[in-house]
Amino acid sequence: MVILDVQNIEKHFGATKVLEDISFSLEEGQALAIIGSSGSGKTTLLRCLNFLETPDRGRILVNGEKLFDAADPATQRESEVRKKRLHFGMVFQSFHLFPQYTALQNVTLAKELLSQERPDFKANKKVILEEIRAEGLSLLDQMGLSERAGHYPHQLSGGQQQRVAIARALAMRPDILCFDEPTSALDPELTGEVLRVIRGLAEQKTTMVIVTHEMAFARDVADQVIFMDSGVIVEQGPARAVIEHPREERTRQFLARYAGQ
Amino acid sequence: MFFTSQEFQTVAAALNSGFLKTLQLFFITLVGAIPLGLVISFGSMSRFAPLRWLTRTVVWVIRGTPLVLQIIALFYVPGMKDLFTWPSGETGRMTAVCVAFVFNYACYFSEIYRGGIQGVPVGQQEAGLVLGMTKSQIFFKVTLLQMVKRIVPPMSNEIITLVKDTSLARVIALQEVIWMGESFMKGNQGYSGLVWPLFFTAVYYLVFSGVVTVLLGRLEKKLEFFR
């Protein structure tokens with residue numbers, strides 16, 4: 001079943017066109033890797049999905065519901081955008097954990113704030129907060145971080161911080177989890193632990209969109225791959241086929257640069 | 001024994017009452033300038049260009065001219081130009097001086113706040129947004145404490161400076177502690193030609209700025225639990 005349907009997205013920054021006619025769809029439970037050189041528009045595309053950028057053209061549908069339509073201002077109302085963002089989770093390249101909160105608090109904060117809007121919050125406050133806490137702990141456990149729940153971000157390694165960030169995104173139970181180069185800010189010896197966690201999520205059939213420079217990882221973990229260059233999709237298809245047997249010359253040249261690694 | 005002498009008792013009582021005024025001016029300035037500074041900093045970051053430039057020009061003028069000049073102008077000019085008159089006597093002097101101090105310090109604070117707010121990485125805001133937080137939740141639950149942590153050291157500097165700047169009120173003869181100390185050189189309550197009271201005022205400043213330094217240092221320590 002198609003969960004995400006992106007249609008003809010276009011985005012300009014001033015006179016520069018950063019995304020042009022981007023269309024793709026994603027099946028529920030599948031992982032999509034987006035590859036391409038720096039400045040090809042990968043990150044901007046993810047930011048469009050998370051409503052951090054507003055596309056100039058195109059539509060974004062999740063589960064058949066039209067979340068965004070550049071031609072329909074009603075889909076861009078601030079109050080509704082907030083709720084729509086929750087369809088997507090986002091893991092940033094440089095984590096962006098909240099420094100004044102512990103790992104557990106980072107995971108539970110947004111959920112706690114959201115639960116205050118529940119009509120039964122006042123009556124069941126204790127139970128609700130305890131539930132959120134237990135869920136946060138179990139997510140950290142799933143990330144292999146149960147020992148680190150009470151640590152502040154600066155007391156954690158980069159790999160641990162990124163795993164907390166993944167738990168934080170999962171806590172909101174997004175339909176689609178987005179990763180923006182999740183290992184690019186990490187020391188090489190720390191990328192493995194983060195990639196392992198993402199691989200685990202793929203095995204559990206988490207729907208994911210992953211912008212990455214790790215070609216072997218994209219080939220092995222992703223179901224689909226999109227190769228972008230200069231704001232357009234050059235090639236897309238099953239991950240193994242695109243990465244091992246690219247059809248387009250530009251894809252071949254790009255992949256050749258990674259071949260030695 | 002000098003400290004039990006009539007001279008010391010008289011001078012100390014006068015200096016104490018002067019110091020009470022110093023303290024008053026200090027706290028009124030803080031209570032007024034801390035929130036006013038925030039308003040001014042929002043003005044200087046406004047997306048509405050005319051407001052932004054107006055605010056920045058005012059801040060430039062206030063920070064670019066001596067506080068003494070501002071006190072003198074604010075106290076004398078309104079009466080001379082028939083704009084309005086300050087209440088008579090000490091009340092009037094205190095009111096005028098407080099207005100000048102609050103406004104002057106608010107301008108300094110506003111620039112510190114601006115640095116503090118703009119110094120919080122934009123990624124913090126975005127992380128809050130993608131988690132479905134509202135703008136005000138992000139400000140109060142995420143940004144504010146990080147901003148406070150950033151501004152405590154520069155604010156401490158300004159506040160220590162304020163301790164000593166209160167003495168500038170002497171220029172319009174507000175009877176704060178320096179004015180009192182000086183009065184015993186010129187003649188006050190039967191004493192004149194005394195030099196030590198003026199220097200003794202330094203003890204008040206040293207003790208007070210010492211206490212302020214310790215308190216602000218503790219606040220800074222308290223915020224060290226995160227980076």
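Are there any helices (runs of 4 or more DSSP H) wholly within region B:1-96 with 2 or more residues that are in contact (Cβ under 8 Å) with a residue 60 or more places away in the chain and out of contact with any Gly (no Cβ under 8 Å at 6 or more places or on another chain), and if so which? Lay out the reasoning, then the answer.
Working: elements: B:6-44, B:49-64, B:67-80.
Per the criteria, B:6-44, B:67-80.
So, in region A:78-113, how many residues would count as being in a loop (DSSP other than H, G, I, E, B) and either more than 27 Å from B:ARG150 (Cα to Cα) or more than 10 Å from chain B (Cβ to nearest Cβ) (or both)?
Of the residues in region A:78-113, 2 are in a loop (DSSP other than H, G, I, E, B) and either more than 27 Å from B:ARG150 (Cα to Cα) or more than 10 Å from chain B (Cβ to nearest Cβ) (or both).
Yes or no, residue by residue, for (1) in a helix (DSSP H, G or I); (2) modelled with pLDDT under 95; (3) open to solvent by less than 10 Å² (accessible area, probe 1.4 Å):
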site	(1), (2), (3)
A:ALA123	yes, yes, no
A:LYS126	yes, yes, no
A:ILE132	yes, no, no
A:LEU137	yes, no, no
A:GLN160	yes, no, no
A:ALA167	yes, no, yes
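Only one residue in A:LEU61, A:LEU4, A:LEU109 is among the hydrophobic types (A, V, I, L, M, F, W, C), open to solvent by less than 10 Å² (accessible area, probe 1.4 Å) and on the phi < 0 side of the Ramachandran plot. Which one? Before you say what the answer is, go through the steps one by one.
Numbers: A:LEU61 fails: open to solvent by less than 10 Å² (accessible area, probe 1.4 Å); A:LEU109 fails: open to solvent by less than 10 Å² (accessible area, probe 1.4 Å).
Every option except A:LEU4 fails the conditions.
Among the listed residues B:PRO66, B:PRO50, B:PRO87, B:PRO78, identify the single one that is within 18 Å of the chain's Cα centre (by Cα), surrounded by fewer than 16 Cβ atoms within 10 Å (Cβ to Cβ) and on the phi < 0 side of the Ramachandran plot. Step through it out loud before you land on a result.
Working: B:PRO50 fails: within 18 Å of the chain's Cα centre (by Cα); B:PRO87 fails: within 18 Å of the chain's Cα centre (by Cα); B:PRO78 fails: within 18 Å of the chain's Cα centre (by Cα).
Within the list B:PRO66, B:PRO50, B:PRO87, B:PRO78, the selection yields B:PRO66.
State all residues of region A:64-101 that are at pLDDT below 90 and surrounded by 22 or more Cβ atoms within 10 Å (Cβ to Cβ); if no residue qualifies, say none.
Scanning region A:64-101 gives no hits.
Go through region A:61-77 and give me each residue that's more than 15 Å from the chain's Cα centre (by Cα) and either at the interface with another protein chain (Cβ under 9 Å from one of its Cβ atoms) or of a type in the set (A, V, I, L, M) (or both). Spell out how you get there, then give the answer.
Here is the first cut: in region A:61-77, the residues more than 15 Å from the chain's Cα centre (by Cα) are A:61, A:63-77.
Result: A:LEU61, A:LEU67, A:ALA70, A:ALA71, A:ALA74.
Can you go through B:SER136, B:SER167 and tell me which one is more than 14 Å from chain A (Cβ to nearest Cβ) and in a helix (DSSP H, G or I)?
Numbers: B:SER136 fails: more than 14 Å from chain A (Cβ to nearest Cβ).
None of the other options fit; the residue is B:SER167.
Go over the candidates B:VAL152, B:VAL148, B:VAL130 one by one and state the one that is open to solvent by less than 50 Å² (accessible area, probe 1.4 Å), free of Cβ contacts under 8 Å to residues at least 24 places away in the same chain and within 14 Å of chain A (Cβ to nearest Cβ). Quick ask: steps written out before the conclusion?
Details: B:VAL152 fails: free of Cβ contacts under 8 Å to residues at least 24 places away in the same chain; B:VAL148 fails: free of Cβ contacts under 8 Å to residues at least 24 places away in the same chain.
After ruling out the rest, the residue left standing is B:VAL130.
Collect the residues in region B:124-163 that are within 21 Å of A:LYS84 (Cα to Cα) and small (Gly, Ala, Ser), keeping them in residue-number order.
Listed by number, the residues that qualify are B:ALA127, B:GLY128, B:GLY132, B:SER136.
Has region B:119-128 got any residue that is among the charged types (D, E, K, R) and over 28 Å from the mean Cα position of the chain (by Cα)? Full working, then the answer.
To start, the set of residues in region B:119-128 that are among the charged types (D, E, K, R) comprises B:126.
From the residues that got through so far, the ones that are over 28 Å from the mean Cα position of the chain (by Cα) too are B:126.
The answer is yes, given that some residue of region B:119-128 is among the charged types (D, E, K, R) and over 28 Å from the mean Cα position of the chain (by Cα).
I'd like the full set of residues that are surrounded by 12 or more Cβ atoms within 10 Å (Cβ to Cβ) and not hydrophobic (A, V, I, L, M, F, W, C), limited to region B:211-225.
Once the filter is applied, which keeps residues that are surrounded by 12 or more Cβ atoms within 10 Å (Cβ to Cβ) and not hydrophobic (A, V, I, L, M, F, W, C), region B:211-225 yields B:THR213, B:GLY217, B:GLU220.
The values are calculated or read from the model by the stated rules, or taken from the named source; none is laboratory data. What you see is a predicted model; the values in this text were computed from it and never measured. As a convention, Cβ positions derive from the backbone with ideal geometry for all residues, glycine included, and neighbour counts pool all protein chains shown. Quick note on the areas: whole protein, heavy atoms, side chains included, nothing else; ligands and nucleic acids left out. Shrake-Rupley method; radii C 1.70, N 1.55, O 1.52, S 1.80 Å.
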